[in-house]
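Input: a single structure, listed below in structure tokens.
Coordinate-derived values only; no laboratory data. Since the structure is predicted, the reported quantities are computational estimates derived from the model, not experimental observations. When we count neighbours, we look across all protein chains shown, and the Cβ atoms used for this are built from the backbone with ideal geometry, even at glycine.
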Amino acid sequence: MNAAAVHLRGLERRFGDRAVLDSLDLDIRRGEFFALLGASGSGKTTLLRLLAGLDRPDGGTVLVPQVRTVVFQEPRLVPSKRVLANVTVGMPRGSATRRTGLDALTEVGLADHTDAWPATLSGGEAQRVALARALVREPELLLLDEPFAALDALTRLRMQDLVERLCRVHRPAVLLVTHDVDEAIRLADRIGVLREGRLITDERVGLDRPRDPADPAFAALRSRLLADLGVHTLEETSP
Amino acid sequence: MSTATEFSVTSTAGLVVPDAPAPRTRRRGLRLALRVVGPLVLLLAWITGSATGVLSPTLLASPGQVLAAVGELWTSGQLGDALEVSLARAGAGLAIGVLVGLSLGVLTGFSRLGEELLDSSVQLLRTVPFLSLVPLFMVWFGIGETARVVLIAVATSFPMYVSTSGGVRNADRGLLEAMRTFGMGRLALVREVVLPGALPSLLSGLRLSMTLSVIALIAAEEINSTAGIGYLMSTAQEYSRTDVLTVCILIYAVIGLLADGAVRLLERLVMPWRTVGRGAR
């Protein structure tokens, strides 16, 4: 199991004079869940857009699988299509597509909303539709761009469980871009921290699943990652 | 800390380079050249058509004849006078029409009561072809300037009305709610939030209205007129002067083009927030 899903070497991306990504190297294996942490403007989303093929690198190598899907921070559903049509958007019409679309909606718990308009959905429901839309294509690489950032705390926890469960079933390689350290520790096999265009941390999460935030090892990893992000916690500053 | 080497992979089989869109930075000169190509091809076709005799001069004058006619009309002062009269008519009619359309559009787009009261009547009137109003207006206003200006005003108010009410209705509900909580009154809301938000559709309405003002101008001037481009045209028709007719048609085209360019310029001037902050991340 040493085959790659993402292979980056010497990746560069500049906006004006500022190098947002500066000779970045990164490999993500097939089926691996990689969480990328970083402060605002650290280049996380830029990296994700490069992998999605929405942006061009200024230099370096980018290799990704053919089938990649993205869940954005906002649901980005087409307002003029019903939920099921939004899930199967861009796929060939037909009963087979309809069935896989329905299966995907069932997986995210929205089987009874297939004919609803996106405007009638709550934030969490809309984001679940976006997740179903991303999974229905059976991606080899799933790109999650802070997909839970706009959700309330309870919905976010439920969404995290859902993503964890679905990723265990479908086994795509995942790049999760997030600000939320707890979210990264709960979900990821491996966590990287991006600062000034480079990965300053890249480590495997050695905790057993399901992961408990009350676990001392969880807390230790959390304060270590927060320190890498430039946030110092009480445990670390107090004697 | 560990680096990527610890997690390096041995096989990258099956991976591809993502197919990212090319950056859209076409040079200014090229953009301009692409815009000019179409009109230039038409002009060349006209020149060659006339030179080879495919286009008979009795049907359509050659470019040379048209240029000569422009010179003749200009030195005799006919063209200048006609332009002045026509532009004043179109301008006055357009100003009134746009103002009426804008006011009615805001009224029906912003207030539920306004929509219920007015929208059906305006939509009903809108379906009446404005050319059919010409005889009626002659009876009402006589054959003077008033009838012409009113005709242009009526014709131009409808596109403005439709675009305005649509744009105003699409105002961001959440934003309106937020501004209300900060104590903004209805008038201020319309002036400072609704209208700026509706500007894109207002300007496309203005574009349609401007085009229509030229069309209405022709219709208004063809009837019992003693001055203006339309008058010039109807006299040229009597004497079968295709060169003068072509000059008039070209003048209408140039007026339309200038009007369109003016709105484009206006778009850039009145919506500075639309051109900043795009693409950067």
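Descriptive notes on the structure:
- With both residues required to sit in the range A:107-239, DSSP beta bridges show an antiparallel share near 55%.
- Per-residue Cβ neighbour rank within 10 angstrom, fewest leading, B:249, B:255: B:249, B:255
- Multiplying the residue separation of residue A:89 and residue A:161 by 0.36 nm and removing their Cα-Cα distance gives an extension gain of 23.4 nm.
- Burial ordering of A:40, B:157, A:223, A:23, fewest other beta-carbon atoms within 10 Å first: A:40, A:23, A:223, B:157
- Angle between chain B longest axis and helix B:145-169 axis [Cα atoms, degrees, rounded to 10]: 10 degrees
- Separation of alpha-carbon centers, the range A:62-90 and the range B:31-81, rounded to whole Å: 52 Å
- Once you reduce the range B:82-104 and the range A:161-239 to the center of their Cα atoms, the two points are 66 Å from each other.
- Cβ-to-Cβ counts within 10 Å put A:115, B:81 in ascending order as A:115, B:81, the fewest first.
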